[in-house]
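Please treat every number below as a calculation from the coordinates, not as lab data. What you see is a predicted model, and the numbers here were worked out from it, not measured in a lab. Counting neighbours? That spans all protein chains shown, and the Cβs are built from the backbone with ideal geometry, glycine included.
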Amino acid sequence: MITGSCHCGLVSFEFSNPVQKLADCKCRDCQKSTGSLISQIASISPQQMTFTGKQPERFTPSTGEQCDLHGGWLFCGNCGSRLAWFSNAGNLYDVLRGTIDNPDDIRVGP
Ligand SMILES: [Zn+2]
Ligand SMILES: [Zn+2]
């Protein structure tokens, strides 16, 4: 099981392998949201994800050019860590890999 959490640890999660893909997003929306030039993400189905601590807050941008057009963000209401991007269609979480406890345990598969 892949586990992870926000910076303060109140929001924690787990999901099972495999993930759909590993990717980097460098769009302006992700840069502004995460504060990082590159967002390294692991894509999973929302049905794979279990939040094991406090539930994350949701931010749905009202404008955007790239990722913000199609979804929003899950973040910790206490420490503010971004945890994942979610698709408005409800079929995708792009988990920010820095929140995962052991990022090398992620396996990509069908
Ligand atoms: Zn937190
Ligand atoms: Zn993006």
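Judged by the gyration tensor of its Cα atoms, with axes a ≥ b ≥ c, region 61-106 is oblate; a/c meets the 1.5 cut and b/c is at least as large as a/b. Annotation for region 1-65: GluC sites (Glu not before Pro) lying in DSSP loop with at most 10 further Cβ atoms inside 10 Å of their Cβ are Glu65. Extending 7 Å from the Cα toward the beta-carbon at both Ser62 and Gln20 defines two label points whose distance is 2.9 nm. Considering only Met1, Phe86, Gln66, and ranking their Cα positions along the charge dipole of the chain that arises from unit charges at the beta-carbon of Lys, Arg, Asp and Glu, the one farthest toward the positive end is Gln66. Local charge for Ser5 was computed over the other residues whose Cβ lies under 12 Å away, with Lys and Arg +1 and Asp and Glu -1, and equals -1. Cα centroids of region 94-109 and region 5-32: 7 Å apart. Electrostatic bookkeeping for Val19 treats Lys and Arg as +1 and Asp and Glu as -1; over the other residues with beta carbon under 11 Å from its beta carbon, the sum is +1.
Kindly identify region 1-45 as rounded, prolate or oblate by the Cα gyration tensor criterion: order the square roots of the eigenvalues as a ≥ b ≥ c, call it rounded if a/c is under 1.5, otherwise compare a/b with b/c, prolate if a/b is larger, else oblate.
Numbers: a/c = 3.25, a/b = 1.30, b/c = 2.51.
Note, shape of region 1-45 comes out oblate.
Pull out a ≥ b ≥ c, the square roots of the eigenvalues of the alpha-carbon gyration tensor of region 31-110, then state rounded if a/c is under 1.5, prolate if not and a/b is larger than b/c, and oblate in the remaining case. Since a/c stays below 1.5, the shape of region 31-110 is classed as rounded. For the options Thr50, Thr99, Thr63, a Gaussian network treatment of the chain with springs between C-alpha atoms closer than 10 Å singles out Thr63 as fluctuating the most.
Counting helices only, and only those DSSP H runs with n ≥ 4, report the 222 nm mean residue ellipticity of the chain as the sum of -39,500 (n - 2.57) divided by its residues, in deg cm²/dmol to the nearest 500. One gets -2000 deg cm²/dmol as the mean residue ellipticity at 222 nm.
In a DSSP loop and with at most 13 other Cβ atoms within 10 Å, there are no chymotrypsin sites (Phe, Trp or Tyr not before Pro) in region 1-93. In this Cβ point-charge picture (+1 for Lys and Arg, -1 for Asp and Glu), region 2-105 has a dipole of about 200 debye about its Cα centre.
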